[in-house]
Amino acid sequence: MAAEQSANLVAPPIGGALFAVGGAVPALLVNAVTYFVSFAALWQITTLGPDCPGPPPRLRDVAHFWPISAARDCRLPCLPSGTSC
């Protein structure tokens with residue numbers, strides 16, 4: 001979340017400066033390159049996870065996340081359902 005907020009704070013001024021200095025074409029080229037880099041990174045992912053996931057974690061396995069408020073707020077909905085394969 002902090003990385004996303006930092007990017008949202010830093011990226012617009014950099015994009016504006018690039019647009020002001022070089023115009024629309026260099027800004028669009030930089031944007032196209034970043035999309036290509038993202039596509040290449042996603043292309044490297046070979047699997048989305050195991051075909052047959054294991055059992056859901058026990059409460060004591062995830063209890064160390066309790067002090068983190070974001071984890072405390074979404075921990076139970078985020079736990080796997082435990083359905084069998």
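The values are calculated or read from the model by the stated rules, or taken from the named source; none is laboratory data. Bear in mind that the values here come from a model prediction, so they are computed numbers and not experimental data. Cβ atoms come from the backbone with ideal geometry, glycine included; neighbour counts cover every protein chain shown.
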- prompt: In the set P57, P26, which member is surrounded by 11 or more Cβ atoms within 10 Å (Cβ to Cβ) and free of Cβ contacts under 8 Å to residues at least 12 places away in the same chain?
  reply: P26
- request: Quick one: in region 29-54, of everything that is at pLDDT below 90 and either surrounded by 10 or more Cβ atoms within 10 Å (Cβ to Cβ) or charged (D, E, K, R) (or both), which residue is farthest from A2 (Cα to Cα)?
  value: D51
